[in-house]
Every structure is written in C-alpha cells, then in structure tokens.
Amino acid sequence: MKKLISFAVAGMFALSLAACGSSSSAAASITESSAESTAASTADSAAADSDLAYLQNKGKMTIGYTVYEPMNYTDESGTFTGFDTELATAVCEKLGVEPDFVEINWDTKETELAAKSIDCIWNGLTLTDDREENMACTKPYVKNAQVVVVKDGTDYTSTADLVGKTVVAEAGSAGESAISEDESLSQADYVSKSVQTDCLMEVAAGTADAAVLDLTLATAMIGEGTDYANLAIKDELNAEEYGAAFRKGSDAADAVNAAFDELKADGTMQALADKYSLALAD
C-alpha cells in the first residue's frame with residue numbers, strides 16, 4: 001500500500017513538473033511571438049511613414065507638371081522632353097522607380113499633391129518660404145527670375161508704365177506673386193491665365209499689354225526664330241531658384257537631394273543645363 005502511494009505521489013510530481021515545463025515553454029513561445037509581432041508592426045509603421053518606401057513599393061513616382069518649355073514639353077518630333085523631364089527621369093533611375101508624368105492644373109498643385117493624385121511637383125517650381133514651410137522641398141537646382149515681356153518696340157522703362165494696363169500671368173505662379181508685390185504692377189488690370197504659354201499668346205495678340213513670367217520660359221520661347229519673334233524681355237523683377245516639392249514631411253526629398261549630388265558630381269546636371277541653356281543653382 002505504501003508503495004502504491006509512493007508511486008502515485010511520484011507520478012503526480014512528474015506530471016506537475018511536465019505541466020510547469022509545458023507552461024514555461026508556452027510562455028516563452030508567446031513572448032517570442034509577441035516580440036516578433038511588435039518588431040514587424042514597428043517595421044510596417046516605419047514603412048508606412050516613409051514616402052520614399054511608398055514610392056518604391058508602387059514602383060513609380062507620379063510627377064505633376066504643366067507644359068513649359070524648356071522644363072517639360074513635347075518637341076517637334078513628338079518626344080516628351082525638357083530639362084525637368086530628363087532630370088526627373090535620371091533621379092528616378094537612381095531611386096529605383098519609374099517616372100510617371102501627369103499634366104496638372106498649376107493653381108491646384110498643392111491640393112493634388114496632398115491628395116496623392118501626384119507624388120511631387122517638378123516643373124520649374126519657384127522655391128519660396130511659404131512653399132518650403134508647407135511642402136518637403138528639395139535643394140534648389142536651377143536659377144530663374146520673373147521678367148516682364150511686351151511686344152518688341154513697346155515704350156517701356158519700368159513697371160510704372162504698366163499702371164492701368166492689362167497684365168497677365170499664370171494663376172498660382174511666382175509671376176502672379178511678383179505682380180501683387182510690385183507697387184506699380186499691383187495697380188495694373190491683372191488677368192490670370194491657366195498656363196504661362198497662354199500669357200505669351202495674349203501679349204502677341206494684343207489682348208494684353210504685358211506678361212510676367214519665368215525667364216527660363218521667356219528665353220526659350222520668344223525672340224528671333226521662335227513663334228513669338230515679335231515679343232521681347234524688357235525687365236527682370238527678381239532672382240529666384242527652382243526646386244521639386246513633395247508632401248510635407250516626406251523623406252523622398254532628401255533622397256532626391258542625394259541623387260542631385262551624384263548627378264552633379266558625374267556632370268549629368270551640367271550637361272542638361274548646357275543642353276537647355278539654363279544656369280544651375282549654386
């Protein structure tokens with residue numbers, strides 16, 4: 001009888017030890033699984049917060065642009081080209097994504113960017129304090145200025161000559177800002193247009209007395225040998241620089257800056273600047 005009791009006690013003790021071992025093993029397994037889950041969740045969260053990862057996961061960068069020679073335009077052979085077109089394509093190659101160019105309304109560019117209809121604005125975007133505060137902007141890459149364009153032969157000495165006259169600029173552009181900030185131009189009869197090329201058409205047709213637009217576009221599109229041989233640049237209002245803009249907080253802008261550094265170092269950016277008669281930012 002004593003032996004039976006001893007065997008029973010020993011068996012219960014063994015079962016107890018086995019249960020404890022099983023419980024410890026299960027607890028360890030749960031702890032390990034929980035740690036792995038937490039790590040995966042943290043990694044997923046980091047990826048979700050990374051705009052660059054978002055672009056690389058979908059395999060493309062959707063780039064908002066307007067038709068604007070020499071930055072983004074279709075040449076006589078039907079090829080979509082331009083300084084920004086070629087530069088963005090070179091940058092995308094370094095980031096491992098395909099460029100996807102989408103024509104946008106310049107006046108609503110920030111709204112389209114925030115809504116993720118596009119991933120960046122890369123189209124001769126003038127860098128300003130306001131834009132850099134509300135978007136993740138790259139470092140400047142090209143120099144520009146806002147200029148006054150009138151018909152060749154127009155009697156013009158300063159913006160004071162345009163008080164009460166019809167002046168056009170692209171809606172939401174740096175040209176529009178330049179008009180509102182100039183004491184004389186702010187007293188002109190201002191009319192906004194959807195794109196800068198429409199401004200040139202208005203001046204050439206005589207329905208506007210002057211246009212305020214980008215030096216880069218004016219240099220490429222007016223004067224001898226162009227469709228606007230009767231127009232001329234008469235005044236330079238300010239100096240500015242172009243950059244590309246991503247959503248606020250985006251880490252893609254830093255990645256593009258790194259690509260800029262590489263493309264400057266290997267001469268690619270200077271070659272493009274020479275090709276399109278532009279001056280690189282310092």
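Sticking with the crude label model, points 7 Å out along Cα→Cβ, report the distance from A239 to K139 in nm, one decimal please.
The answer from the label model is 1.8 nm.
May I ask for log10 I(q)/I(0) of segment 146-238 at q = 0.14, 0.21, 0.23 Å⁻¹, from a Debye sum over the Cα atoms as equal point scatterers with solvent left out?
For the requested q values the scattering log ratios are -0.39, -0.94, -1.15.
Taking the number of other C-beta atoms within 10 Å as the exposure measure, put K165, K116, K94 in order starting with the fewest. Let's see the in-between values first.
Working: K165 17, K116 11, K94 14.
Least to most surrounded, the residues fall as K116, K94, K165.
On full extension of the chain, what length is gained from N105 through N57, given 0.36 nm per residue of separation minus the C-alpha to C-alpha distance?
Numbers: separation 48, 0.36 × 48 = 17.28 nm, distance 2.68 nm.
Gain on extension, N105 to N57, equals 14.6 nm.
Leaving out same-chain residues fewer than 8 places away, which lysines sit with a Cα under 23 Å from that of K58?
K58 reaches K94, K109, K116, K248.
Which of T207, A229, G153 sits farthest toward the positive end of the charge dipole of segment 153-267, with +1 on the Cβ of Lys and Arg and -1 on the Cβ of Asp and Glu?
Sorting the options by dipole projection puts first T207.
Report, ordered by chain and residue number, the lysines lying within cross-link reach of K275, taken as a straight Cα distance under 16 Å and ignoring same-chain residues fewer than 8 apart.
Within the straight-line cut-off, K275 pairs with K143, K264.
For segment 146-238, what relative contact order do you get, as a whole percent, if you take Cα pairs closer than 8 Å and at least 6 residues apart? Write out the running numbers ahead of the final one.
On the way: 172 pairs, mean separation 41.7, N = 93.
That works out to 45 percent.
At a Cα cut-off below 21 Å, give the lysines reachable from K151, other chains included and same-chain residues fewer than 8 away excluded.
K165, K193, K234
With each label point set 7 Å from Cα along the Cα-Cβ vector, what nm distance links T79 and D274?
That separation, rounded to one decimal, is 1.8 nm.
Just to confirm a number: summing +1 for Lys and Arg and -1 for Asp and Glu over residues other than A271 whose beta-carbon lies under 13 angstrom from that of A271, what do you get?
On the way: positive: K264, K275; negative: E86, D266, D274.
Surrounding charge for A271 is -1.
Suppose every Lys and Arg Cβ carries +1 and every Asp and Glu Cβ carries -1, with no other charges. What dipole size does segment 122-208 come out with about its Cα centre, to the nearest 20 debye? Kindly include the intermediate steps, with their values, before the conclusion.
Working: 6 positive and 15 negative charges, 65 e Å.
It comes to approximately 320 debye.
Since every read-out is calculated from the coordinates, none of them should be taken as a lab result. Just so we're clear, the structure is a prediction, and the values are computed from it rather than from any experiment. Here Cβ is always computed from backbone atoms with ideal geometry, including for glycine, and neighbour counts include all displayed protein chains.
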